[in-house]
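Data first, discussion second: the structure below is written as structure tokens.
The values are calculated or read from the model by the stated rules, or taken from the named source; none is laboratory data. Keep in mind that what you see is a predicted model, and the values were worked out from it rather than measured. Cβ placement follows ideal geometry from the backbone for every residue including glycine, while neighbour counts extend to all protein chains displayed.
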């Protein structure tokens, strides 16, 4: 038991140190690199924006719209007993914007984009392409990690906004078609109790989640060892660690916003 606990602790410390090391390098190349005439290439950033954002729209839409449908049906069952069926829209909108949409979107992106980043960089690592970049005086963090960090930090909030709207649409369909709530009244109740804080807290979470996914995926890719099997292990570790970190950061940020009444 003590040996297993020690191994887990040591590996966790190494993982955290590695993440902070890559974060330091990414921030250096983003903010200091342009002054040294070595900026992050916009072509790489736009390519990653398209891959992580545009190609994730469909899956995020379907995940969140069905989440809104399920949430509306489940809450209507209880609210109807209390004669408060009209508040289904408010509950769905607030739940999605504050919690469900940022977390579900981040999990989807971690599974789709994070795993792809880890596999791609891991393959480059085991085939010695990373060493080739260093031989040509190209920093791997600047060339590989920074564009993905920027892209996920930008696109995850955008996908979260899409998730908010599609989830509310799912609740609207249930409220109007199944619960027979007046559509104008449903939308009015949805936005009446939805405050600006509910929206920006979810967007702040999504920015943090995007950073976490990019850093973990790049770290696992850059530290991959052992050929094809090592790339597979790095990809799996990337998804698992990203999921855990998303939940932990979600809990921490929720606590911060809960005790901060502003």
### Message
For the stretch 134-150, check the following and say yes or no: at least one residue is in a helix (DSSP H, G or I), within 28 Å of residue 29 (Cβ to Cβ) and without any contact (Cβ under 8 Å) to a residue 40 or more places away in the chain.
### Response
yes
Note: among 86, 117, just one is touching a residue at least 12 places away in the same chain (Cβ under 8 Å) and closer than 11 Å to residue 217 by Cα, namely 117
Check the stretch 226-240 and report whether any residue there is at pLDDT 90 or above, on the phi < 0 side of the Ramachandran plot, touching a helix residue (DSSP H, G or I) at 6+ places or on another chain (Cβ under 7 Å) and surrounded by fewer than 23 Cβ atoms within 10 Å (Cβ to Cβ).
yes
Check: Does residue 251 meet the test of being part of a helix (DSSP H, G or I), exposed (fewer than 15 other Cβ atoms within 10 Å of the Cβ) and on the phi < 0 side of the Ramachandran plot?
Finding: yes
If you go through 203, 194, the only one that is closer than 24 Å to residue 30 by Cβ and surrounded by fewer than 24 Cβ atoms within 10 Å (Cβ to Cβ) is 203
Subset of the stretch 211-231, residues in contact (Cβ under 8 Å) with a residue 24 or more places away in the chain, over 21 Å from residue 48 (Cα atoms) and in a helix (DSSP H, G or I), comes to 227, 228, 230
Over the stretch 31-54, the set of residues touching a residue at least 24 places away in the same chain (Cβ under 8 Å) and either within 18 Å of residue 161 (Cα to Cα) or under 15 Å from the mean Cα position of the chain (by Cα) (or both) is 48, 49, 51, 52, 53
In the stretch 53-88, anything surrounded by 20 or more Cβ atoms within 10 Å (Cβ to Cβ), closer than 22 Å to residue 148 by Cα and modelled with pLDDT under 90 is listed as 53
Out of (1) under 22 Å from residue 254 (Cβ atoms); (2) in a helix (DSSP H, G or I); (3) touching a helix residue (DSSP H, G or I) at 6+ places or on another chain (Cβ under 7 Å), the one residue 194 does not meet is (2)
Across the stretch 22-74, the tally of residues that are on the phi < 0 side of the Ramachandran plot and in a loop (DSSP other than H, G, I, E, B) stands at 5
